[in-house]
Each structure stands twice: as C-alpha cells, then as structure tokens.
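Report on the structure given below.
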Amino acid sequence: MKLEVLGMANDVILDIQNVTKQFPGVTALDDVSIKIKRGEIHGICGENGAGKSTLMLILKGVHPYGTYEGKILYEGEELILEAGGIRQASKKGIAIVFQELTLIPDMSVGENVFLGREPVKRTGINWNKLYSDTQAILNKYDLDIDASETVRNLGVGKMQLTEIAKALSEDAKILILDEPTSALSEDEIDRLMEILEGLKRHGVTCIYITHKLPELFRITDTVTVLRDGKVVTTESTDNLNEAQLIKYMVGREIKERFPRGQNNPGEVLLSVNGLHAVDPNQSNKEVLKGVDFNVRRGEIFGIAGLMGSGRTELVTTLFGEYGKITEGTIKLDGHEINVKNSHQAMMKGISLVPEDRKRFGLVLIQSIQKNISLANLDQFSTSFRINFNAENKACDYYSKKLSIKAPNLEMLCEKLSGGNQQKVVISKWLMSNPKILIMDDPTRGIDIGAKFEIYKLMNQLSEEGISIIMISSDLEEIIGMCDRIMVMCEGQSVGILEQDEFDREKIMAMATGLTKKNHFLAKENIL
Amino acid sequence: MSDTLSFLKKQVKENIQTYAILIALVFIWVLFTILTDGLYVGSQNFSNLFRQMTITSFLAIGMVLIIVTGNIDLSVGKVAGFVSVVAAKFQDDIWFQFLPDNPVLTTILTIIIGIAVGTLFEMVQGYLVAYLHVPSFIVTLGGSWILNGAILVVTKGQTIAANQPLFSFIAQGYLKPTLGWILAAVIIIVLFLSMIQKRRNRVKYGFEPSPLILDIIKIIFYSILIFVYVFIVNKFKGVQFPVFLLAIAVVVMSYISSNTRIGRYAYSIGGNREAARLSGVNIKKNVFIVFVMMGILCGVGGVVLASYVGYGTIAAGQGYELDAIASCILGGTSTLGGVGTIFGAIIGALIMASLTSGLQMMNVTAAWQYILKGLVLVLAVLADVYLKKKK
C-alpha cells in the first residue's frame, strides 16, 4: 500500500542521498547523490578508483549500514543492510552480478542458481523443484540454457547469463551489473543487450556499470559519471556524446584517444611462416593451423580475433610457453629460432606481457620492486647475491619512466589499481630489453587515463625501434593503435590489413570466418 | 627525530606478525618464570631449552622454503631419524671394524655420510616432486614409510650406541666461556662493519641511507641480546655447540632466502607459479634445489640427533616433521605458499620448546602437554587470521 503510494508519488526506486564513505586515508565516495528511476537502465561510468565498486559494495551490504554517512532510500524506505548478512540485499530485491564470475564450474546451472537456498523436502534437497524452478526462470527471460547442464561446459557468455539468472531468481527489482561484458565476444554482447532490453520490458530496473562507452550509448537511458568519488554529472544518454563523456570521466579533454601517428617501420625483424602447433597436453588437438606474418622493426602489429581464435595460443607459442610446433618456421633477424621456454625467448629478445595480469603477470603478494625484477634478476645478481641497490635503482628507473603511482617500490602489487598493476608488468618486460614486445590485451579492465598512458608508451617504444605485437579484443583500440592488423580465425591467419584497409566490419567479418580478406574485397569491388 | 619515529611506526606496522610472536614468546617466559619461582630462566634450564630446540629447528628452517614454494615435506622426521641410525651404525659398528681408534677421522666421516644420506634421499623426493609432478604430500608420505622400514632394517629393532666422546661433543659439547665471549665480540664487530658497508653502498647508488640513529639502536639492541645470552649460558657451561651450529645454519638459510635468486624465486613460485614461469623462472630446478637444501639440513639434524640422544633407535625422529611444520606455521609461514621467514620459524620452534620445557618443569603430564601444545598452535593461527582480517 505504502509502496504504491510512494511509487506513484515519485518514480524513483533507489535514491542515494549524500553518501560519503571513507577508508583510512582515502575518501572513496564523497557526498554522492544519485536517483535511479523505476524501470530505467542507468549507466554508471568512471575510471577505476572513481568509486563505482565502493558504491556497489554498499548496496550489497559488504560495507554495512552505519559505516558510511548519508542515506539510501529504496522504495521510499531507508535501506538498512546490517553487517554480516550478505543475502539481505538479494532478499530485498537488489541483485548484483559481479565482474568476476562467481559460479562453481563443476555444478549444474540449477545448483548454482539455488546455491545456499536449495529447496528442501524431508529427505534432503528437492532436486525436481530445483531444476524445474531454474528452468522456469531461464525460460521466463528467454535464456537458451539447460538447467541441468554443468557450468563448465557453457561458454563464457552463457556463464554470464547464468549469473544474471541467478541474480534474477530472487525476484529482483533492481539488477546491478558490474562490467558484465569484459569477457564476452561481440555476439554475446549483442545477446546480453537484448536480454537487458527484455528485462526492462518486465519492469526490472538496471544499474549498468562499465568502462565501455559504446555500450553505454547503446543500452542506457541515463548516465551518471563518477570521478574521484564524486558525481560529476547525471544526464540523459540522448544528451551526451562520446567526447563529452570522456571529458567528464578523466576531467580533461583527451583530444585523441589513440595517439598513434605516422611511422616508418624498418626492415623485417620477425617472420613466421606456415606455423602449425598442437596443444602440448593433447597432441591430437591442433591449435594453430597455418599462421603467416612478419613484423618489422619499430612496428605496432595488431592481432585481432575472437576468443578461441588462437591469438593467445599464437603469442604464447612464440614465447616458448605453450604450443608444440609441428610445422613451419619462426625467423628472428633472418635466423631461424626455436625457443623452448620463456627464459630462452627472453634471451632472444622476445617478451610477453601476458593476458590476465593477476593470473599470469604478477605475484600479487609481493612488492612492486620484486615483481619488476623477477624476470631480470640475472642483470644484478651473482649466484650468491642479489645486489639490492642495483635492483632498486633499475626498478626505480622504470617505475618513473612509466609513472607508476605508488608511495614507494615496497608497496604490494595487490594494493595497486589495475592500470598501475599493468604498468608493473610492462616495466618487468621492458627491463629485459626486448626487441619484440608482445602485449596480450594490455588495456583490459583499466581506466581511460591509464590506457592513454600505455598507448603513449607504445608509441615511444616503437620510436625507440622496439617492435610491438598487440592483441586486443577492443576493435577501436586495435584500429587506432596498430600499423597493420592480422586477423585470426580458428587457429589460422585469415588476412593482414594495411592501415588504409582498416574497417570494423571487415575485421569482424574476417574474424567470424564469414570471409577471407580477398573475398570481401572482391565483393566490395563488385558492389 | 619525528622522522625516526614514523619510520619505527611503519616498521612495527609492517612486521606486526613478527612482533606479535615475539611478544607471545616473552609472555610464555614470564609466565613460566612466575609459575616456577624463577627457576625457569635459571642458567641451567635456559641453556637446556635452547639445546632442546636445535633438532626441530634444523628441520624447520628447511621446511620454511618447502612450504613457501607451495609444497610440504612429511618425511623430514624420518629422514633425520634414518640419518641418526645410520650415523650410529657407523659409529658403533662399521668404524669399529675398519677404522678403529681414529676418533677425529671417523667423526668427520660420520658427519659427511650423515649429510650425504639425508641429501640423497631428499634429492630423490625432490626429483619426483619437481620434475615428475607427483604431489609432495604423497611423495614424502611414502618416503617416510619407506624410511620407517629402512630404520628397522638398519637397527634390526635394536638400539645402537653412538656415545663416543668426540661424536657426543656435536650435540652435547659447550664452548669455553672465554671462547663464547670472543665469539660474541666477533659477531658484533661483523654486524657493525656490515652496517657501515650497507650504508656506503646505498650512498654509492645514490640513495638516502636509513636514519643512522636507527641503525645504531638496532646494533645496540642485538649486542645486548647476544651479551645477555652468552652471559646466561656461560653461567652454566658455556655456549652450547649444537646451538652454535644452528646459528650458522640460520644465518646461511636467512641469507639464501632473502639475498639470493634461489630464495627470491622460491617466494615467487609460491606467490604465483604461473607468473613466475612466464617470467623465465625455472620452476623445476628451483623446487628441486629447495628439497636438496632440506636434505642437507635433515642430514645435519640427523647427526645432531644421534649425538644428542647418544644412540640410534627405531623411534628416532618420530613426529619431528610435525613439530617442524608447526614451528613454521607459528612463525608466520603461510600454508598457501609465498610467505614465511626463517627467523619466524626459529621463534616458532623456540615457543614450542619453551612450552614443553615449562610444562615439564611444572610436572604436567605428557597427555596435557600434548593438549596444551595443540591448543596453542590452533589459537595462535586463529589470532593471526583475526589480526589479518582486522587489518
């Protein structure tokens, strides 16, 4: 009764009023006020550290009522989430889908959806009810998923959808999505967008947190920009454009998002011919089925392709850490090379900034200095002694060169922001003096300011004569930064595009296996 | 001065775990001193306390790096036990037949053989773990059963004497009081010189050295500790020879763990194996080396064990692996790998020994000794978990 009256009186379902949250030494949220209207898709964007996750953790009850100042009204009543009760928010109808998947891979979809609140009968879990209820939820939102399927067997996209189904299963009124597309392919993103629009028709309010501007424009009704814990603006999406948004987010105008200018690459440094390789653990599984390309000195060479196209497998094979080469040659400076592990690759001058910095790039519980020097201890140690001063000096040089923001080099990497973590990984590999620096999705999950700094660094390195091979899922980035792009599909190189041939659709068509470069061009010519 | 204070504060904050465990140790000492009317810190008990902890400590300081790399070694007790019966066998039987009346040579040979046996056995285990990817838990569990059998084979179920005077000196000998003082003086001079050298090097590389006053306070603090220790043990019989050996091992292992690539790589492997591998760290080789070091320490521990008890028996080394692991954990080594210090493990071992010694002095029965030790271990880790959460 009361709800209805309030609902009629104002259309606001969630009213965040002057919320301030302080951590020792940091103000994470500073007098933040946001009104979320019923039934809208409300985008929240901002650089990493802008306060997005803190806000979300308050709504989840991880930072309980009383640990922040200000007030949050939900359905007209003050939202009080007490310490220790992580389910309270979902019981009230606030569902949150976190950036990192929280599903248990060896359980079924149904078990995951009802994890922690399984329906029971006298003899234990009521499996029939569990699966039929799950299937009902999946069907309600048109999710093409079988409730009894094991999560491990779903693709990343469906896992994400399962996560959403799990959130919705408790009759959510507000669905909060944190960077839901970071692991999805373009197809899967399309699917997600459709589902969100469907939810909107069902009357579900949605808060959509993301870095990715195109998605904001595509799906949201209203956008709130956070910067340094403050609300910069809340505006209707129709009144915004990309340049404005970026300006709001970084607080300064970035004239060019991609600072790549003209360049003059030198002679061929690396050439790969007819490369075939198999999975080292399954010798009948061919992961590379014919890859040909060459990279010139000082060039930024892009590799585009969908997840599973073999792009990561290709670079880890070049780095000696993955595939077993069955056919083909790799030549560096005209000499054939055959590296067996990362150490040998480094000796030859090949470095790899791996994907997923937390898993493959960093020892999070160690200091910045120890991480930077890990691959390069030979430079300042004998068998019996590490020269700490030389190590400190060298790390200090790179930390300044890449402007890593930290009080000192003793700081643990787990305490750094994503952008700074990535800079630590890059520092590590620059210290090994590479001729070729391979970067696998180097800007994934880092904020625009840090991205720009990494782009500038890439330019600077290529001017110094280092060749860069860059993998990226972000088509705009790869088009904006690379001198040439190789597109991969199902373990093969399907074509190499010169700068004047760069085109989003063309790349997508090649990456999805619809067409090879020449077919596409031929078709275009006819038209 | 405020600079110095803030530096101190930072030090305390960063090493809160180390300080907490030191406070726990002091607390235990004070408690037992009161409960035993001061007998507990009497020079005889104090001297014995440190002597008692040596064998477990040799194993614990090797175990730290094993756990740091994400492995475990359940065989160390039996390796040390096997080494001790082999040593006893040579002392009592074999040398008697082939090299009679040559105590210096035979003692040296026994030590070499003991260390070689421990090292060889751990090399095999290390190879299985590092190169053939068998989980260390399984390899070393199997290893300890095999050695249990091997001990029975060597001893034929009987006790072998290892109480020859020179051999006994290894674990039961004392340095003469004057020698103890000279040793203390030498250590302090070395500490002082290395401080000066360190400061010079910092300046050479263009860094600001840490506040001089702090360095001096540190040296004075260590000097007092060393002097007090030597003073107390000299009142009894002098610096205990096995403690002297342990001190050397501790310094060497601490140095390896923090100042060499082997140590650095061990912590990186435990912290993030994949990142270490992609950074060109040879994981197999480094895990293997850590096991080899463990083997050397098991060898030393086994020889000291034989000398300490004076004979080799079928129960030699029984349960020592768990004492060693508990010492590491008490000293802050993380069971998840990547974190742990040699110093912490030694303090952990000292806490365990202090508890045992105090409880024995109070005539607490063996049953209650076990119960109390178990409680202390679990409560200590509980406190640690709680502290970390609060942080």
Report, by residue number, each residue of the range A:380-393 that is exposed (fewer than 15 other Cβ atoms within 10 Å of the Cβ), more than 35 Å from the chain's Cα centre (by Cα) and either facing another protein chain (nearest Cβ under 7 Å) or within 18 Å of B:ARG200 (Cβ to Cβ) (or both). A:PHE384, A:ARG385
For residues that are more than 20 Å from B:PHE50 (Cα to Cα), surrounded by 12 or more Cβ atoms within 10 Å (Cβ to Cβ) and aliphatic (A, V, I, L, M), tally how many sit in the range B:210-234. 5
Going through (1) part of a helix (DSSP H, G or I); (2) within 18 Å of the chain's Cα centre (by Cα); (3) farther than 20 Å from A:ALA50 by Cβ one by one, A:ILE454 fails only at (3)
How many residues are more than 8 Å from chain B (Cβ to nearest Cβ), among the basic types (Lys, Arg) and under 16 Å from B:LEU278 (Cα atoms) if we restrict to the range A:315-371? 4
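Within the range B:81-100, is there a residue that is of a type in the set (Gly, Ala, Ser), crowded, with 19+ Cβ neighbours inside 10 Å and within 28 Å of B:SER354 (Cα to Cα)? Don't jump to the end; show me each part of the working.
Start the filter on the range B:81-100 by keeping residues that are of a type in the set (Gly, Ala, Ser), which leaves B:81, B:84, B:87-88.
Filter again for crowded, with 19+ Cβ neighbours inside 10 Å, leaving B:81, B:84, B:87-88.
So of that shortlist, the ones also within 28 Å of B:SER354 (Cα to Cα) come out as B:81, B:84.
Yes, the conditions are met somewhere in the range B:81-100.
Say whether the condition of being more than 30 Å from A:ALA277 (Cβ to Cβ), outside the structural domain of A:ARG444 (by TED's automatic domain parsing) and out of contact with any Asp or Glu (no Cβ under 8 Å at 6 or more places or on another chain) is met by at least one residue in the range A:346-363. Please lay out each step first, then the result.
Narrowing the range A:346-363 to residues more than 30 Å from A:ALA277 (Cβ to Cβ): none.
Looking through the range A:346-363, none of the residues is more than 30 Å from A:ALA277 (Cβ to Cβ), outside the structural domain of A:ARG444 (by TED's automatic domain parsing) and out of contact with any Asp or Glu (no Cβ under 8 Å at 6 or more places or on another chain).
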Quick check, is B:SER136 within 19 Å of the chain's Cα centre (by Cα) and either at pLDDT 95 or above or hydrophobic (A, V, I, L, M, F, W, C) (or both)? no
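Where in the range B:240-325 are there helices (runs of 4 or more DSSP H), lying fully within it, with 1 or more residues that are within 14 Å of chain A (Cβ to nearest Cβ) and among the charged types (D, E, K, R)?
On the way: elements: B:241-259, B:261-271, B:273-278, B:283-309.
The helices (runs of 4 or more DSSP H) meeting that bar are B:261-271, B:273-278, B:283-309.
Considering every residue within the range B:198-211, establish whether at least one is under 30 Å from B:HIS133 (Cβ atoms), without any contact (Cβ under 8 Å) to a residue 40 or more places away in the chain and part of a helix (DSSP H, G or I). Outline the logic, then answer.
Just the residues of the range B:198-211 that are under 30 Å from B:HIS133 (Cβ atoms), to begin with: none.
No; the residues of the range B:198-211 include none that is under 30 Å from B:HIS133 (Cβ atoms), without any contact (Cβ under 8 Å) to a residue 40 or more places away in the chain and part of a helix (DSSP H, G or I).
Going by what's in this entry, would A:LEU437 be described as over 16 Å from the mean Cα position of the chain (by Cα) and part of a helix (DSSP H, G or I)?
Details: over 16 Å from the mean Cα position of the chain (by Cα): yes; part of a helix (DSSP H, G or I): no.
Answer is no for this residue.
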On the given criteria, is A:LEU377 surrounded by fewer than 21 Cβ atoms within 10 Å (Cβ to Cβ), of a type in the set (A, V, I, L, M, F, W, C) and farther than 16 Å from A:SER432 by Cα? no
Residue pairs, Cβ under 8 Å, 6 or more apart or interchain, first in the range A:377-398 and under 15 Å from B:ILE262 (Cβ atoms), second outside any helix (DSSP H, G or I). List them. A:LEU377/A:ILE386; A:SER381/A:ASN387; A:SER381/B:THR260; A:SER383/B:THR260; A:PHE384/B:THR260; A:ARG385/B:THR260; A:ILE386/B:THR260
Please determine whether any residue of the range B:38-50 is assigned to a helix (DSSP H, G or I), within 16 Å of the chain's Cα centre (by Cα), within 20 Å of B:ILE342 (Cβ to Cβ) and in contact (Cβ under 8 Å) with a residue 40 or more places away in the chain. yes
Check the range B:197-208 and report whether any residue there is in contact with a helix residue (DSSP H, G or I) (Cβ under 6 Å, 6 or more places away or on another chain) and more than 14 Å from every other protein chain (Cβ to nearest Cβ). no
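Sort through A:LEU199, A:LEU192 and tell me the only one that's touching a strand residue (DSSP E or B) at 6+ places or on another chain (Cβ under 7 Å) and without any contact (Cβ under 8 Å) to a residue 60 or more places away in the chain. Outline the logic, then answer.
Numbers: A:LEU192 fails: touching a strand residue (DSSP E or B) at 6+ places or on another chain (Cβ under 7 Å).
Of the residues listed, the single one that is touching a strand residue (DSSP E or B) at 6+ places or on another chain (Cβ under 7 Å) and without any contact (Cβ under 8 Å) to a residue 60 or more places away in the chain is A:LEU199.
Right, A:ASP279: out of contact with any Asp or Glu (no Cβ under 9 Å at 6 or more places or on another chain) and either more than 30 Å from A:ASP178 (Cβ to Cβ) or buried (at least 21 other Cβ atoms within 10 Å of the Cβ) (or both) or not? Working first, answer last.
Details: out of contact with any Asp or Glu (no Cβ under 9 Å at 6 or more places or on another chain): no; either more than 30 Å from A:ASP178 (Cβ to Cβ) or buried (at least 21 other Cβ atoms within 10 Å of the Cβ) (or both): yes.
Considered against the rule, which asks whether it is out of contact with any Asp or Glu (no Cβ under 9 Å at 6 or more places or on another chain) and either more than 30 Å from A:ASP178 (Cβ to Cβ) or buried (at least 21 other Cβ atoms within 10 Å of the Cβ) (or both), A:ASP279 comes out as no.
The values are calculated or read from the model by the stated rules, or taken from the named source; none is laboratory data. It should be emphasised that the depicted structure is a prediction, and the values quoted were computed from it without experimental measurement. Positions of Cβ are backbone-derived with ideal geometry, glycine not excepted, and every protein chain shown enters the neighbour counts.
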